[in-house]
Amino acid sequence: MAVDLLLGLQWGDEGKGKIVDVLTAKYDIIARFQGGPNAGHTLVFNGRKHVLHTIPSGIFHSEAMNVVGNGVVIDPVIFKKELDKLSEEGIDYRKNLLVSRKAHLILPTHRLLDAASEASKGKAKIGSTLKGIGPTYMDKTGRNGIRVGDIESPNWKKKYRLLADKHCTLVNFHQADIEYDLNALEAEFFDAIKTLQTLQFIDSEEYLFQAMKNGQPILAEGAQGSLLDIDFGTYPFVTSSTTTAAGACTGLGIAPRSIGEVFGIFKAYATRVGSGPFPTELFNDYGATMSRVGQEFGATTGRPRRCGWLDLVTLKYSCQINGVTQLMMMKADVLSGFDTIEICTAYEHNGEEISHFPFDIAPEFVKPIYKKFKGWKEDLTGMTTMTDLPQELLAYIDFIEKELDIPITIVSVGPDRKQTIFR
Ligand code: GDP
Ligand code: IMO
Ligand code: MG
């Protein structure tokens, strides 16, 4: 049985958590393949909102197994907080949450290094979530990292001490003014490690291989978005993992030929949190309305998300790199009441019109070219079928589908599980 992938096509926060939760009924296993607590995946059902950071978004379905894959980086402290919240909600996660032995651990000093590195960059900072993501993936590729499987062996603390001491030297090297109490951070870390040790650790690539062989349907859940990918994103304003489809292969141990459907999620407009180029960003009332109606604040950091028009140049690029087979359009309801809606269809680049994603999309290199659409007035949030949707929205959907040549199979009209229209 093939593994289906679900990933974000923009700069993250497209609504991946919501759709994974909606689709979980069709799958036996939900497996996160990259990222860590920089992610914030929001689920809304029965009038309650839940935000997950490291735990796969299938966890609220007791019949689905949830795997934290080898490509994920885990901060035991944040992980423990997530587990505690699940317990408060009455979720018995011990039976259906599995953690890959090959996943890397975020140490308290990785977080300090992230902060020191950002502080030393001044205005050029990435706008990192300060969760230690970059330094942890650096230690992974630098072959210095500590993995979940290590904490099963008695002398892992020696390795920890060496690495943490090295990190402290590096923090000082940055000469950033960062205050910290390492003893307190380490006490919290080792306490959280004890909780982590109560979970089921697995050789996840073997587990998933056997599940595939047994015909069990698997959905791989991505974090962040394609434009934050370490290779294909707006480098250096990116995260440190492979957020694109290839990341599911390395982050779960799945062969490329085992991939089935690739679900690409995008908002009906665009948002970005943190620094970096954003050609269609709006600084006017339209942007302010998207921010207010869409409640565009980071699920992890609470920072306001920058808002702008949908950008088909970036979307086409993301579909191409990921091999997207089905599209899902989120937050169409936020655009209700706009008199006009615009879509960027090409860039002006060195005096030429281009429709491919160039080396750099900073404002000095590209200027968006727009096509205007008539808006709609209707409130979409109670609509349940495609035939309910206003003609103007159907024309908007039709245009995007034709330009990308990929069907839009889900239109989301609100944050709740139930506010999902299947086509
Ligand atoms: P993720 O990181 O991709 O899982 O997305 P986030 O959870 O960070 O951000 C998506 C936000 O939009 C969350 O607050 C969701 O509850 C909300 N949301 C998801 N789908 C819709 C939708 O169709 N309409 C509206 N208005 N909100 C939505
Ligand atoms: P989800 O999974 C939106 C952004 C940060 C910053 C850059 C690097 O919820 O869609 P990092 O902490 O990874 O070193 O930050 O990436 N970023 C996200 N933006 N959604 C996310 O995850 C993000 N994870 C990281 O804001 O610009
Ligand atoms: Mg998010």
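Every number here is computed from the coordinates shown, using simple stated rules; none is lab data. Here the structure is a predicted model, which is why all the values come from computation and not from measurement. A quick note on method: Cβ atoms are made from the backbone with ideal geometry, for glycine too, and the neighbour counts reach across all protein chains shown.
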Next on the checklist: Go through (1) away from ligand 1 (no atom under 14 Å from the Cβ); (2) in contact with a Leu (Cβ under 8 Å, 6 or more places away or on another chain); (3) not in a strand (DSSP E or B) for residue 23 and report which single condition fails.
Outcome noted: (1)
Next on the checklist: Of all residues being outside any loop (DSSP other than H, G, I, E, B) and β-branched (Val, Ile, Thr) in the range 26-60, which is nearest to ligand 1 (Cβ to nearest atom)? Just the residue, please.
Outcome noted: 42
Checklist entry - Would the range 309-328 turn up any residue that is under 30 Å from residue 378 (Cβ atoms), within 16 Å of ligand 3 (Cβ to nearest atom) and crowded, with 20+ Cβ neighbours inside 10 Å? => result yes
Checklist entry - Could we say that residue 134 is over 19 Å from residue 52 (Cβ atoms), within 16 Å of ligand 1 (Cβ to nearest atom) and under 22 Å from the mean Cα position of the chain (by Cα) here? => result no
Item to check | Cβ-Cβ under 7 Å pairs, at least 6 apart or on other chains, the range 318-334 side closer than 16 Å to residue 222 by Cβ and part of a helix (DSSP H, G or I), far side of a type in the set (S, T, N, Q) and within 16 Å of ligand 2 (Cβ to nearest atom) | outcome: 318/226; 321/226; 321/244; 322/226; 322/244
Item to check | Unique residue being within 23 Å of residue 13 (Cβ to Cβ) and not in a loop (DSSP other than H, G, I, E, B) when the list is 406, 343, 369, 361 | outcome: 343
Checklist entry - Would a scan of the range 361-368 turn up a residue that is free of Cβ contacts under 8 Å to residues at least 40 places away in the same chain and under 28 Å from residue 5 (Cα atoms)? => result no
Checklist entry - With respect to residue 12, is the statement that it is away from ligand 3 (no atom under 13 Å from the Cβ), surrounded by 24 or more Cβ atoms within 10 Å (Cβ to Cβ) and part of a loop (DSSP other than H, G, I, E, B) true? => result no
Item to check | Hits in the range 333-381 (condition: among the charged types (D, E, K, R), crowded, with 18+ Cβ neighbours inside 10 Å and touching an Asp or Glu at 6+ places or on another chain (Cβ under 8 Å)) | outcome: 333
